[in-house]
Every structure is written in C-alpha cells, then in structure tokens.
1. Can you tell me the length gained on complete extension of the stretch residue 111 to residue 202, counting 0.36 nm per residue apart and subtracting the Cα distance?
2. Assuming R0 = 41 Å, can you tell me the calculated FRET efficiency for the pair residue 36 and residue 169, based on Cβ-Cβ distance, to the nearest 0.05?
3. Compute the FRET efficiency between residue 215 and residue 14 as 1/(1 + (r/R0)^6), taking r as their Cβ-Cβ distance and R0 = 45 Å, and round to the nearest 0.05.
4. Using modelled backbone amide H atoms (1.01 Å from N, in-plane), which distant-in-sequence or interchain residues come within less than 5 Å of residue 169's amide H?
5. Among 29, 5, 73, whose Cα sits farthest toward the positive end of the charge dipole of the range 1-74 (+1 at Cβ of Lys/Arg, -1 at Cβ of Asp/Glu, about the Cα centre)?
6. With a sphere of radius 12 Å drawn around the Cβ of residue 135, what net charge do the other residues whose Cβ falls strictly inside it have (Lys, Arg +1; Asp, Glu -1)?
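Bear in mind these aren't lab numbers, they're just calculated from the coordinates by the rules spelled out. Just so it is clear, the model here is predicted, and its values are computed rather than measured. All Cβ positions, glycine included, derive from the backbone under ideal geometry; neighbour counts span all protein chains shown.
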Amino acid sequence: MFNSLHNDIRVIRDRDPAAKNTLEILLCYSGLHAIWAYRIAHICYRHGWFVTARIISTAARFLTGIEIHPGAQIGTGLFIDHGMGIVIGETTIIGNDVSLYQGVTLGGTGKEKGKRHPTIGDYVVVACGAKVLGSFTVGKGAKIGAGSVVLKEVPPYSTVVGIPGRVVAQKGRSLKASHTEQDIDLNHNRLPDPIEDQIIALQRQVAILQNRVEELDTMHDVRIHSVGCPRHS
C-alpha cells in the first residue's frame, strides 16, 4: 500500500511542473485525493458493498469535483491534472500511466447493459474537455485533443482531434522495452488542426484562381486593344 501511495506522489512530481514539494501534493492535489478515495470505494465495490462504495465516491466527488465510479478498473500511474469535472464511468478500464486533464468524460451512450464505457490503453493522454463515449478501445500511446468527442476506436499512437474525433496523425512506433515517465508525451497543446489545414488549402486554391482570372482579364484587354487599333500599311 505504501509503495502505491509513494508511486502516486512520484507520478505527480514527474508530470506536473507546478508541484513544489510532497506536502503540497498531499494536501492540495484533488486528483490524488480522488484516486485514493476511488481505491477504497473500489475495494468495497468488489466485496459487494455497493451502497458504501457509492457513498464514498459521492463524498469524493463533493470534495474534489472528480467523479470516479467505484466499479471502474484503473491501473497504476494515473495522473489527474486540474481534475474538476472529470467523470469516469462504471465499466471504464484505464491502463497504466494514463493522463487526464480537467473536464474529461469517459462515458457511455444510451442505456445498454454490460461493457458500455471505453477502455483506455497505457500511456494515453486525454486533454481538457475531451469526451470519450462508448464501449471501444483507445489504443496505447494515443493522444486525444482538447474538446474532442471520440465515438469510435482509436489506433495505438494516434492523435485524435475534432467533433466527432478523427485520427489526424499516427506515429506507428513501438514502446521502448523499459518505458519511463520521460517518454510520456504530455504536449497536447501542439496537435494538428485539420480544419485549419483545410482553410489554408482553400486559401491557396482561391489565390490560384484569382491569379488565373487576372491573367484572363489581361489577355482579354490585349485582344480588345489589338482589334481596336488601326492597321498600318
């Protein structure tokens, strides 16, 4: 248990440059408090004490602003940064060394039974306000852009942005044999923007058409001038 607590603190120190010392992390990081409360609630849930588990998770939501259903399965090294508004559903499965930012929802769609929430692979980064909805897998090492709404499976090491979420980049590389915290790419602010790319492409096409129209106008003026000029003998 103490090893697990120590690892939780280490994860925050490694991934959050704002963390100054251990005391600050213990007292002020709501994401850490939410994870600890979840672990207690999850033990109760596994033993069939469902009401007790929900009371714990509800109290944690009230205190931290983070709602983690006690039935969710969460691996080691989860990092919740500025976690206000995060929701993690009952059948969600989260791998190791995942990073979630504020406003993320790992939810379901409709009233289906059974597995209805996403499975998040190892080393995934889900940026602010992203919604991952449905029973599918977000592959290992993927990055979900801020404000994206993901409704279908995401391949490993892909970058997804937009509403609905679309894969805009894919590295296709494999993890190192000994993965470290430094290998986790948290730069979710530098993602491709397909809408901007389309606008730039349209601007280029418009510029080409404008140049062509100007060329045709010039040719037309030259022809008129040639026809209108008197011939010299």
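1. Working: separation 91, 0.36 × 91 = 32.76 nm, distance 4.20 nm.
The residue 111-residue 202 span can extend by a further 28.6 nm.
2. Values: r = 35 Å, r/R0 = 0.86.
Calculated transfer efficiency: 0.70.
3. Numbers: r = 59 Å, r/R0 = 1.31.
Efficiency at R0 = 45 Å is approximately 0.15.
4. Result for residue 169 returns 159.
5. So the residue we want is 73.
6. Values: positive: 113, 115, 116, 152; negative: 90, 112, 153.
Result for the neighbourhood of residue 135: +1.
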